[in-house]
Amino acid sequence: MLQPLGLDELAHAIYRFALNQPGCRLEDLLRHHDAPDESVRKSVDRLLELALLRPVSGTLVPTRPPLALRTLLQRQQSELLRQQQEFSQIKDAVDRLAEDYEYAQAPGARAGWERLETPAALHARMERLAGKTRIECLSLLPADTNTAEALHAQRPLDQHMIDRGVSVWSVYLESVYNDRTALAYARWQAQIGGGVGTVPTLPLWLRIYDRTTALLSIDPEDPGAGAVEVTGAGFLTGLVALFERLWAATTPLDAGECPATDEPTPIERELLRLMGQGLTDEAVCKKLGVGLRTVRRMIAELMDRLGARSRFEAGANAVDRGWFRPCPCSGDRPLREKDEKTPSLGSARTTALDSVLV
């Protein structure tokens with residue numbers, strides 16, 4: 001029981017004898033204990049080293065253990081802290097060597113990109129990048145990537161980065177309020193010091209580490225398709241600019257509803273823009289990360305608010321109210337399924353309106 005202190009049964013017996021025989025001498029201990037003299041002397045030396053016995057005028061006086069061992073405990077604590085620091089330095093060195101090896105073995109990484117096609121490969125890369133990030137991590141997080149499993153795996157990575165003083169900025173869809181698991185995670189991020197905001201739509205899943213390495217989805221429409229790691233100033237400049245543009249348009253998490261106004265909310269404005277692109281209700285649902293009933297309810301409320309009897313009229317009235325500025329570019333509109341070589345009058349009017357709503 002006393003072995004962690006380097007005390008065996010003989011040393012314990014000597015200490016108990018000294019407690020019952022105040023002022024005993026070494027000769028008394030040698031005579032009383034049935035053990036080799038060398039063993040008794042060795043145990044006495046250990047008790048003196050631990051200050052459990054104190055020599056006074058040729059006698060051995062026992063001391064109170066907590067006071068005697070305080071210095072030992074402080075010394076042990078300092079040694080543990082030193083070992084922890086040394087372990088951290090060794091781990092950093094090993095990680096650096098591992099990165100050098102992986103970089104040398106991955107031709108795609110040298111070319112500025114590398115495909116990560118399995119969830120295990122992606123998580124391993126996120127774990128490595130989070131471990132070496134020193135300044136900031138920027139994330140765009142669409143609804144279909146925030147599964148309970150993904151958030152559970154990401155939590156220790158975000159925690160570790162924030163604990164180290166890394167700035168963690170995350171942008172979620174406004175529909176995050178409809179997802180209990182994702183909302184709880186976003187609130188947890190904000191509580192521990194992360195920056196969290198929402199926008200109506202997000203173009204893709206994206207994480208940027210220290211503005212030097214980014215992970216983004218291979219196919220924004222299919223989260224299971226994997227991700228690609230990209231490096232290089234050309235790639236990162238554009239991706240960081242995308243994040244900063246979206247972050248500037250975010251609403252802080254749990255900011256509350258704005259006062260009543262004639263202006264549309266960000267999600268209503270985005271809904272009108274998506275309608276102007278000719279997307280189906282189902283496609284709009286996927287973009288906004290909400291259910292079909294929610295989208296149709298929002299459209300009905302907008303039509304009522306705009307005094308419109310049709311979606312086309314709603315778009316026209318929104319333009320009349322100044323909710324949108326005319327824009328000649330409409331390249332992000334999907335191609336119509338119908339043949340547009342001989343458009344009808346109605347389709348021509350819709351195309352003109354589309355170019356305004358984009």
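Coordinate-derived values only; no laboratory data. Just so you know, these numbers come straight off a predicted model, no measurement behind them. With ideal geometry, Cβ positions are generated from the backbone for all residues, glycine too; neighbour counts draw on all protein chains shown.
Relative protection proxy for 136-143, 48-55, from highest mean packing down: 136-143, 48-55 (other beta-carbon atoms within 10 angstrom). Length gained on full extension, Arg31 to His160, computed as 0.36 nm times the residue gap minus the Cα-Cα distance: 40.4 nm.
Over segment 116-252, the Kirkwood radius and the radius of gyration, each from Cα atoms, give a ratio Rg/Rh of 0.92.
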